Amino acid sequence: MAMMRRKLVAGNWKMNGLVKDCAFPKALSEALNAEPRCDVLLCPPATLLSAMSATKPDWLKLGGQDCAAQTSGAHTGDVSAVMLADLGCTHVIVGHSERRSDHGETNETVKLKTAAALDAGLIPILCVGETLDERESGQAEDVVVRQLLASLPACDADRIVIAYEPVWAIGTGRTATPEDAQAMHAAIRSAWPGRDADVLRIVYGGSMNPANAEALLAQTDIDGGLVGGASLKPQNFARIIQSAR
């Protein structure tokens, strides 16, 4: 019997959000009207982290959308994991498919960033996922497991979150069926290189929204969501959070 893992619903705002949006945590609290029964994480742009840190409710965690592999130094424009921790962040997204494709990040790069996050005391949310061609050719599981193992430094399962984000479902409105998502989450858990796979949290990151969240989150091995566009509106994000039991 699978152990009970506390759900995590994380909002990834990507390159969206201005100073006026710092009122979001208050609006989210009002939309929820009660403290959530799951862990809730918000990953706004780095420009908003400091302001949100000062006004958010205690139950809302903050995270970065990326971090550098280095701790400090001559790396113009980069933000280190130590800097994120210094702002009060608890998590950071690493290896998102948009970073892999837009910035050419390799598995080795992602592995270094994941290690930097762990060293800074952050919980990395390590993203893996296949393209449509890879899925249609029957390679999806092999691709995802290979990507996971190549991007993963030595780590206990309770210090990391894995996000399965099928590349073909990100921002497209297409979503893996609950059954397909569950099968991939189970494959990731089976591939975990340790004896503590039962405590590993694996979240789904492919166009989760208020309409499909309940069915996805009901699956045995889906421990939450990495939510993109649906996290930008407090009412929509609140409905997804309320689906996590």
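Values quoted throughout were computed directly from the atomic coordinates according to the rules given, and no laboratory measurement underlies them. Just so we're clear, the structure is a prediction, and the values are computed from it rather than from any experiment. Because the Cβ atoms are built from the backbone with ideal geometry, glycine has one as well, and the counts that use them run over all protein chains shown.
Each row is one residue, and each column tells you yes or no for (1) within 15 Å of the chain's Cα centre (by Cα); (2) closer than 30 Å to residue 27 by Cα.
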| position | (1), (2) |
| --- | --- |
| 177 | no, no |
| 180 | no, no |
| 197 | no, no |
| 202 | yes, yes |
| 206 | yes, yes |
| 217 | yes, yes |
| 223 | yes, yes |
| 237 | yes, yes |
| 242 | no, yes |
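For the range 100-111, does any single residue satisfy the condition of being in contact with a strand residue (DSSP E or B) (Cβ under 7 Å, 6 or more places away or on another chain), of a type in the set (A, V, I, L, M, F, W, C) and more than 24 Å from residue 21 (Cβ to Cβ)?
Among the residues of the range 100-111, at least one is in contact with a strand residue (DSSP E or B) (Cβ under 7 Å, 6 or more places away or on another chain), of a type in the set (A, V, I, L, M, F, W, C) and more than 24 Å from residue 21 (Cβ to Cβ), which makes the answer yes.
Please list, ordered by first then second residue, the pairs with beta carbon atoms under 9 Å, 6 or more apart or interchain, first in the range 90-109 and within 11 Å of residue 67 (Cα to Cα) and in contact (Cβ under 8 Å) with a residue 60 or more places away in the chain, second among the polar types (S, T, N, Q) and not in a helix (DSSP H, G or I).
Pairs that qualify, where the first residue is within 11 Å of residue 67 (Cα to Cα) and in contact (Cβ under 8 Å) with a residue 60 or more places away in the chain and the partner is among the polar types (S, T, N, Q) and not in a helix (DSSP H, G or I), are 93/12; 93/65.
Any residue that is of a type in the set (D, E, K, R) and in contact (Cβ under 8 Å) with a residue 40 or more places away in the chain - is there at least one of those in the range 134-141? Give the derivation first.
First pass over the range 134-141, keeping only residues of a type in the set (D, E, K, R): 134-136, 141.
Now narrow it down to the ones that are in contact (Cβ under 8 Å) with a residue 40 or more places away in the chain: 141.
Looking through the range 134-141, at least one residue is of a type in the set (D, E, K, R) and in contact (Cβ under 8 Å) with a residue 40 or more places away in the chain.
Among the residues that make up the range 120-128, is at least one of them out of contact with any Ser or Thr (no Cβ under 8 Å at 6 or more places or on another chain), of a type outside the set (A, V, I, L, M), touching a residue at least 12 places away in the same chain (Cβ under 8 Å) and surrounded by fewer than 19 Cβ atoms within 10 Å (Cβ to Cβ)?
yes
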